[in-house]
Amino acid sequence: MTKITVTARKPRNPLVAPAHFRRAGSHQPGGTSRQDMRRALRRELDQLSPRLRHSP
């Protein structure tokens, strides 16, 4: 007969459970507006002077 040893599991982090209950995510709704504004600015700059465009 062989003995089976079971090791105790590592204790869970007590701070994780409350963090899951809180709403996670971005701080402000509509985070894509910054990206949209950046794209619009890039388009305007490209129209103003296409020769300032950097080569890849």
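The table that follows gives values for the structure above.
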quantity: Thr5, Thr32 arranged by Cβ crowding within 10 Å, fewest neighbours leading; calculated: Thr5, Thr32
quantity: Phi-based couplings in Hz for segment 2-8 (Karplus 6.51, -1.76, 1.60; Gly and Pro marked x); calculated: 9, 8, 10, 9, 10, 8, 5
quantity: Exposure proxy order (Cβ contacts within 10 Å, fewest to most) of Arg9, Arg39; calculated: Arg9, Arg39
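The numbers here are math on the coordinates, done by the rules we state, and not lab data. Predicted model, so just to flag it, every value in this text is computed and none were measured. Because the Cβ atoms are built from the backbone with ideal geometry, glycine has one as well, and the counts that use them run over all protein chains shown.
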